[in-house]
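So the structure is just underneath, and the comments pick up after that.
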Amino acid sequence: FIETLQSSAKGDPGARERFLPIMAEQASRMTRLIDALLSLSRLEMNAHVAPSDLVDLNDVLHHTKDTLEPLAREMGFRFDVAHFPRPAIVRGDRDELVQVLQNLVQNAFKYGDRGGQVRIEAKHIPSLGRQAGRYAIAIVDTGPGIAPEHLPRLTERFYRVDVASSREKDGTGLGLAIVKHILNRHRGELAIAS
């Protein structure tokens, strides 16, 4: 497009009007892709280093609600966020944990049914014998679901259930790979059910 605008369509305002939005859209897509790849690369560099800060998961939940509520309204979703009844302190990187929830909730918005509901559930699983207690956070939506054969591959880089739909919704195919790497670094687990 750039070469065309520089040469044969140099003085053609119609071509410029057609090509510029396409160029802007593709540049934006490339920026999102590069940002996601850089984020993934940083996570892989630090994969073996467990986070050492103390983070209250309720703070992460509040932040996620505050940042994504306007998007939920804009997209027509009812967005409910539960919290732990008391402080839920874990060793972690607050920004990375926020990114996990944001990626998962944004996926629920992107691929869920407009006008539906997305909710975040929070529960404490008490300790059993020697096993320490754990915190579980679930993102639940009312979307159409995903066929069982796709579930094992969802966290692979660039894997998409529907490539055209994902591109149309500004997906890079890296969001769940990033989630998986962050949770691995935090010694957490990701379970996906449909």
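Below, the figures for the structure above:
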| read-out | value |
| --- | --- |
| Dipole magnitude of the range 34-138 about its Cα centre (Cβ charges: Lys, Arg +1; Asp, Glu -1), debye to nearest 20 | 420 debye |
| Carbon + sulfur, % of accessible area of the range 1-123 - ligands and nucleic acids excluded, 1.4 Å | 53 percent |
| GNM flexibility winner over the chain from Gly11, Gly145, Gly115 (Cα, springs under 10 Å) | Gly11 |
| Fluctuation leader among Leu97, Leu57, Leu38 - the chain, Gaussian network, Cα springs under 10 angstrom | Leu38 |
| Per residue accessible area of the range 1-99, 1.4 Å probe, in Å² | 65 Å² |
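The values are calculated or read from the model by the stated rules, or taken from the named source; none is laboratory data. What you see is a predicted model; the values in this text were computed from it and never measured. All Cβ positions, even for glycine, are placed from backbone atoms using ideal geometry, and neighbour counts span all protein chains on display. With ligands, DNA and RNA removed, areas are computed over all heavy atoms of the protein, side chains included. Shrake-Rupley method; radii C 1.70, N 1.55, O 1.52, S 1.80 Å.
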